[in-house]
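Heads up, the thing below is written out as structure tokens.
The values are calculated or read from the model by the stated rules, or taken from the named source; none is laboratory data. Keep in mind it's a predicted model, so treat the numbers as computed, not measured. In this analysis, Cβ positions are derived from the backbone assuming ideal geometry, glycine residues included, and neighbour counts consider all displayed protein chains. We work out accessible area using only protein heavy atoms, side chains counted, and drop any ligands, DNA or RNA first. Shrake-Rupley method; radii C 1.70, N 1.55, O 1.52, S 1.80 Å.
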Amino acid sequence: FKQKTAYEIYQCDWSSDVCSSDLSQADGTRRRASEVALYGLTPPVEQAILSAVDAGRPNQIRGLIRPLHPADVADLLSRLDTEQRRVVIEAIKARFDPEILPYLDESVREVVFDVMGSRDVAAALAELDSDDVVDFVTDLDEEERKLLLEAVPPAERVVLEQGLTYPDSSAGRLM
């Protein structure tokens with residue numbers, strides 16, 4: 001896992017966790033509405049993904065999801081019914097962006113865990129910052145947590161288990 005230093009936590013840009021629906025750019029200017037329509041989870045993009053799901057076109061699903069921000073992918077998954085979620089996750093699992101995991105609702109996390117399996121989820125978690133991994137694991141039920149911890153390499157498991165011992169908002173949990 002990637003552990004943050006105290007400097008990284010202090011200097012953290014919390015605004016990086018915004019969705020593509022935010023129109024302000026870093027320089028304070030605003031994008032034109034026509035530009036915004038090209039990015040993010042817009043109704044036409046969502047409808048195109050649903051059509052690809054219904055038509056059983058995994059390549060099209062991957063192509064439509066690839067440019068989306070991880071928070072938008074998580075938002076999309078939360079809007080789908082369980083079977084549609086399974087189809088989308090199956091379509092993207094070979095190139096699943098680990099950054100999606102921290103944004104997922106608990107019910108969606110369970111489907112991701114079921115479709116991908118504990119080994120693939122553990123491999124994806126290895127790409128995340130340790131605090132995001134701890135948050136993800138905290139929300140799992142006891143059986144899923146046990147399966148996931150067994151799939152994590154021993155050195156990383158120690159870091160994860162240590163992080164789970166700290167109170168939720170403590171500095172130890174954030175590291």
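Using a basic spin-label model with each label point 7 Å from the Cα along Cα→Cβ, how many nm lie between K146 and Q47?
4.8
With only alpha-carbon atoms counted, please give the Rg and Dmax of the range 40-172, in Å.
Gyration radius and largest Cα-Cα distance of the range 40-172: 15.4, 48 Å.
Heavy atoms only, probe 1.4 Å: what % of the accessible area of the range 31-123 goes to carbon and sulfur, would you let me know?
Looking at the range 31-123 in its full context, I get 48 percent from C and S.
Starting from the Cα-Cα distance between Q60 and T82, subtract it from 0.36 nm times their residue separation and give me the gain in nm to one decimal.
Once the chain is fully extended between Q60 and T82, it gains 6.0 nm.
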